[in-house]
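Please read the structure below before turning to the comments.
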Amino acid sequence: MLGAIVWVSVALSLGYLALSTLLRQEADFIFRGELQEHLLELAGIVGSEGPTGVVLLQPLSDARFLSENSGYYYQAERSDGALLRSPSLGGARLAFKNDPLPEGAERESTIPGPNGDVLFIERSARPPGSPDLLRIGVGIDKSNVDYVASNFDRIIGQALFVVGGGLLLAVLAQLQYGFRFVGRLRKSLAQVRAGEASRLPESVPTELTPLVRDFNALIEANEEIVRRARLEAGNLAHVLKTPLAILMDEAMRLDSTGHRSEGQRVSLQCERMRRAINYQFARVRAAVYPCGRRAATSIGPVIRSDVSALSRLYASRNLSFEIQESALEAVISCEAEDFEEMFANLVDNAAKWAVRLIRISATMDKKSLCLRVEDDGPGMPKEVRDRVFDVGERLDERIEGCGLGLAIVRDLSTLYGGKAWIEDSLLGGAAACLELPLVQR
């Protein structure tokens with residue numbers, strides 16, 4: 001738009017200067033031609049009456065020479081000083097040049113007049129049947145010429161201003177029309193990234209069709225990368241499970257045959273391997289999504305399902321799970337199974353420490369969800385709240401676990417553009433907070 005403004009302004013300015021110059025030249029040419037006609041007419045009707053002076057044999061056809069201050073003048077002078085002036089001069093006199101002209105010659109000049117400069121044409125002529133040589137001339141105030149030229153300039157300027165405004169409005173309309181489709185593509189791409197669509201629509205202008213096809217090809221390529229990565233991860237997990245199970249059986253056999261220390265060492269290493277495998281597979285599942293399309297997950301069904309399962313698991317402890325409705329309404333930009341992994345770890349961790357009550361609540365703004373899982377347990381010292389997210393970190397070895405749950409929560413939330421932290425709970429224990437991005441509508 002800025003380029004169009006500059007170009008239109010320069011082009012119209014040059015056009016204005018060119019047209020103004022041409023019209024001024026044309027106006028000047030027209031006025032000079034008019035003066036030539038008046039001069040010829042004056043030469044045909046002027047006469048010399050001996051000693052009495054210079055007279056007109058008949059009036060000039062243009063009445064403007066008769067009106068004072070009309071700006072049109074004539075003057076005739078004989079060599080002995082006899083003078084004839086137009087009534088429009090109002091008693092003033094035009095100053096002929098000092099050097100006389102040869103008979104029949106003409107001269108154009110600018111001389112002082114009663115109302116400013118006068119464009120003047122004079123001629124040396126001899127009236128028919130008269131021995132006297134007369135200097136005759138007609139003139140017009142230059143202000144008249146300038147007035148006509150200024151009117152031309154004003155009309156041209158107004159016309160070009162309207163033309164320029166129309167051109168810029170047309171450019172603006174064209175840009176808005178063209179970029180309207182780019183805006184649609186942007187929204188469609190946001191829908192693809194949010195998981196609301198799988199492809200960009202190809203109902204776009206011809207100029208944008210190659211871009212849309214390239215985008216769709218890129219999306220398909222990324223989806224194929226994701227599919228293969230998950231398939232390979234699943235295959236690797238399946239391949240590792242069998243030998244790991246065999247090793248665990250061998251550890252149990254060693255323990256049962258009296259080689260208890262050897263069996264415990266093997267069992268410990270197998271457990272570490274299992275933790276590392278689970279942890280790395282959880283990372284792989286989420287890590288492939290930031291480079292491609294993200295799913296849209298409604299958290300309500302996931303929360304209800306996990307709470308139902310954990311309430312049965314901890315039924316012997318009579319734990320109560322309180323779910324606020326605000327925690328069931330959000331739709332987040334995250335895979336369902338990854339959110340389930342994070343939420344299940346948070347609730348399971350709270351259940352291990354809770355006395356009677358676990359509360360699940362959420363707050364939302366325009367961009368993100370903050371989910372809180374609180375318990376009424378002993379709480380967590382501030383100095384260890386960051387350390388519990390490290391791999392393998394456990395606060396109490398007497399509590400069952402492998403120290404990977406919160407580490408998985410932190411890594412998965414970070415990969416999805418969120419975060420996780422621990423703070424004090426209003427129930428008296430700890431509150432695990434999970435922030436994740438919402439799907440942008």
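Just one of (1) in contact with a Phe, Trp or Tyr (Cβ under 7 Å, 6 or more places away or on another chain); (2) under 20 Å from GLY417 (Cα atoms); (3) not in a strand (DSSP E or B) trips up ASP306, so point out which.
(2)
Since LEU172 meets every condition but one in (1) in contact (Cβ under 8 Å) with a residue 60 or more places away in the chain; (2) open to solvent by less than 60 Å² (accessible area, probe 1.4 Å); (3) assigned to a helix (DSSP H, G or I), which condition does it not meet?
So LEU172 meets the others, but not (2).
Going through PRO100, PRO87, PRO128 one at a time, which residue ends up being touching a helix residue (DSSP H, G or I) at 6+ places or on another chain (Cβ under 8 Å) and open to solvent by 20 Å² or more (accessible area, probe 1.4 Å)?
Numbers: PRO100 fails: touching a helix residue (DSSP H, G or I) at 6+ places or on another chain (Cβ under 8 Å); PRO128 fails: touching a helix residue (DSSP H, G or I) at 6+ places or on another chain (Cβ under 8 Å).
When all the criteria are applied, what remains is PRO87.
Name the single residue that is farthest from LYS97 (Cα to Cα) among those in the stretch 60-73 being touching a Phe, Trp or Tyr at 6+ places or on another chain (Cβ under 6 Å) and crowded, with 18+ Cβ neighbours inside 10 Å. Walk me through how you get there before you give the answer.
Narrowing the stretch 60-73 to residues touching a Phe, Trp or Tyr at 6+ places or on another chain (Cβ under 6 Å): 64-65, 72.
Within this subset, residues satisfying the condition of being crowded, with 18+ Cβ neighbours inside 10 Å are 65, 72.
Numbers: PHE65: 22, TYR72: 19 Å.
Among those residues, the one meeting the criterion is PHE65.
Give just the number: which of (1) modelled with pLDDT of 90 or more; (2) within 60 Å of the chain's Cα centre (by Cα); (3) open to solvent by 90 Å² or more (accessible area, probe 1.4 Å) does LEU2 not satisfy?
(1)
Looking only at residues that are at pLDDT below 90 and hydrophobic (A, V, I, L, M, F, W, C) in the stretch 119-159, which one is nearest to the chain's Cα centre (by Cα)?
Ranking the candidates gives PHE152 first.
Restricting attention to the stretch 320-337, and to residues there that are in contact (Cβ under 8 Å) with a residue 40 or more places away in the chain and part of a helix (DSSP H, G or I), which single residue is surrounded by the most Cβ atoms within 10 Å (Cβ to Cβ)?
ALA327
Looking only at the stretch 190-207, count every residue that is open to solvent by less than 70 Å² (accessible area, probe 1.4 Å) and either at pLDDT 85 or above or in a loop (DSSP other than H, G, I, E, B) (or both) and tell me the total.
Result for the stretch 190-207: 7.
Among (1) touching a residue at least 12 places away in the same chain (Cβ under 8 Å); (2) open to solvent by less than 80 Å² (accessible area, probe 1.4 Å); (3) among the polar types (S, T, N, Q), there is one condition GLN264 misses while meeting the rest; what is its number?
GLN264 satisfies every listed condition except (2).
Please enumerate the residues belonging to the stretch 205-236 that are touching a residue at least 40 places away in the same chain (Cβ under 8 Å) and among the β-branched types (Val, Ile, Thr).
ILE219, ILE225, VAL226
Before we move on, is VAL118 open to solvent by 30 Å² or more (accessible area, probe 1.4 Å) and not in a loop (DSSP other than H, G, I, E, B)? Outline the logic, then answer.
Working: open to solvent by 30 Å² or more (accessible area, probe 1.4 Å): no; not in a loop (DSSP other than H, G, I, E, B): yes.
Considered against the rule, which asks whether it is open to solvent by 30 Å² or more (accessible area, probe 1.4 Å) and not in a loop (DSSP other than H, G, I, E, B), VAL118 comes out as no.
Give the number of residues within the stretch 179-189 that are open to solvent by 30 Å² or more (accessible area, probe 1.4 Å) and either in contact with a strand residue (DSSP E or B) (Cβ under 6 Å, 6 or more places away or on another chain) or touching a residue at least 24 places away in the same chain (Cβ under 8 Å) (or both).
Result for the stretch 179-189: 2.
The values are calculated or read from the model by the stated rules, or taken from the named source; none is laboratory data. Nothing here was measured: the structure is a model prediction, and the numbers come from that model. So basically every Cβ, Gly included, is an ideal-geometry build from the backbone, and we count neighbours across all protein chains shown. Just so you know, the surface numbers come from the protein's heavy atoms only, side chains and all, with ligands and any DNA or RNA stripped out. Shrake-Rupley method; radii C 1.70, N 1.55, O 1.52, S 1.80 Å.
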